[in-house]
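Reviewing the structure listed below.
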Amino acid sequence: MTDWQAFTVETKDHVAQVTLTGPGKGNAMGPDFWRELPLVFAELDADPEVRAIVLTGSGKHFSYGLDLPAMAGTFGPLLAEQALAAPRTDFLKEIRRMQDSVTAVADCGKPVIAAVSGWCIGGGLDLIAAVDIRYASAEAKFSLREAKVAIVADIGSLHRLPGIIGEGHLRELAYTGKDIDAARAEKIGLVNEVFADQAAVLDAAHATAREIAANPPLVVQGVKDVLDQRDKSAVAEGLRYVSAWNAAFLPSEDLTEAIQAVFEKREPQFKGR
């Protein structure tokens, strides 16, 4: 297997474990993550020995989401030249590249099970929305936090979560940017089941993966393909819409303030400009 910078991949008995490794704090999603994610899943999709995939995070947390310091260059030209078409076009391409990275997980022909411990924030939630089954440890916490940093979530949560948790719960999470614990996540259907701790949730994910791997692999992949057809076109259309929306409207004083507040480790003061 390839030597990845943002992941480790191990395969045993037809089950692959993909582990987020950063290098950002809390497995934050920087340039290596976005570049490598579709390549990792393309490799596993093409491997006939792999029948199911477990996705988890290294250390205490699944992911803090987008690595803002590492990805600041993505936003800088847009904010510096917000009236010009060129930086908006480049930003649109970057959003769609990041969207395609997560969509590669959803499009993988092998079932993917997320084992979530600790924080799962922003892009982390986008990522687990693209998998098939989600398990959590009791201390896990989830947050669709983009609104708190003056961004409309554009990598898939707004389009994949309605079918998972329903419109009302999604709108509450998306409008408030609030944190929810594992018990609430299970109650609203974001996760299938909650386990005592990180070791237990990873064991459970592997147990389910082994159950899946014991079934005829082409039939399992066929079931996934049929199920995915229900929402695939609607998700694709929604992703294109939000990428264009953000390329047009994301530049704002509030976004600049949000980024500065992150670097200065303070609460932002938004003014709606």
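Table for the structure above
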| item | result |
| --- | --- |
| One residue from K110, K141 being charged (D, E, K, R), open to solvent by less than 10 Å² (accessible area, probe 1.4 Å) and in contact with a strand residue (DSSP E or B) (Cβ under 6 Å, 6 or more places away or on another chain) | K110 |
| Filtered residue count, region 36-47, keeping only those that are out of contact with any strand residue (DSSP E or B) (no Cβ under 7 Å at 6 or more places or on another chain) and either closer than 13 Å to T8 by Cα or without any contact (Cβ under 8 Å) to a residue 60 or more places away in the chain (or both) | 6 |
| From the options E10, E49, residue that is closer than 28 Å to E139 by Cα, over 16 Å from the mean Cα position of the chain (by Cα) and modelled with pLDDT of 95 or more | E10 |
| Some residue of region 86-105 being in a loop (DSSP other than H, G, I, E, B) and either over 18 Å from the mean Cα position of the chain (by Cα) or closer than 24 Å to A183 by Cα (or both) | no |
| Subset of region 78-111 (residues that are at pLDDT 95 or above and touching a Leu at 6+ places or on another chain (Cβ under 8 Å)) | R96, Q99, S101, V102, T103, A104, V105, C108, K110 |
| Every pair of residues 6+ apart whose Cβ atoms lie under 6 Å, when the first sits in region 255-273 and is touching a residue at least 24 places away in the same chain (Cβ under 8 Å) and within 15 Å of G177 (Cβ to Cβ) while the second is outside any loop (DSSP other than H, G, I, E, B) and among the hydrophobic types (A, V, I, L, M, F, W, C) | A258/V149; V262/L68; P268/A258; P268/A261 |
| Output for region 136-169, where each listed residue is assigned to a helix (DSSP H, G or I) and without any contact (Cβ under 8 Å) to a residue 24 or more places away in the chain | P162, E167, G168, H169 |
| Some residue of region 186-208 being without any contact (Cβ under 8 Å) to a residue 40 or more places away in the chain, part of a helix (DSSP H, G or I) and surrounded by 16 or more Cβ atoms within 10 Å (Cβ to Cβ) | yes |
| Count of residues meeting criterion [among the acidic types (D, E) and either under 18 Å from F33 (Cβ atoms) or within 13 Å of the chain's Cα centre (by Cα) (or both)] in region 111-145 | 2 |
| Leading residue by the ranking (farthest from L227 (Cα to Cα)) among those in region 144-185 that are hydroxyl-bearing (S, T, Y) and open to solvent by 30 Å² or more (accessible area, probe 1.4 Å) | T176 |
| Among the residues listed as A183, A114, the single one being of a type outside the set (D, E, K, R), part of a strand (DSSP E or B) and at pLDDT 95 or above | A114 |
| Selection count where residues are among the polar types (S, T, N, Q) and either surrounded by 14 or more Cβ atoms within 10 Å (Cβ to Cβ) or part of a helix (DSSP H, G or I) (or both), scope region 225-241 | 1 |
| Yes/no for P268 being surrounded by 17 or more Cβ atoms within 10 Å (Cβ to Cβ), at pLDDT below 90 and touching a helix residue (DSSP H, G or I) at 6+ places or on another chain (Cβ under 8 Å) | no |
| Test: residue in region 242-257 that is open to solvent by less than 30 Å² (accessible area, probe 1.4 Å), in a helix (DSSP H, G or I) and at pLDDT 95 or above | yes |
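The values are calculated or read from the model by the stated rules, or taken from the named source; none is laboratory data. All figures in this text were calculated on a predicted structure; none of them were measured in a lab. Cβ sites come from the backbone with ideal geometry, for glycine too, and all protein chains shown count toward neighbours. All accessible areas refer to the heavy atoms of the entire protein, side chains included, with ligands and DNA or RNA removed. Shrake-Rupley method; radii C 1.70, N 1.55, O 1.52, S 1.80 Å.
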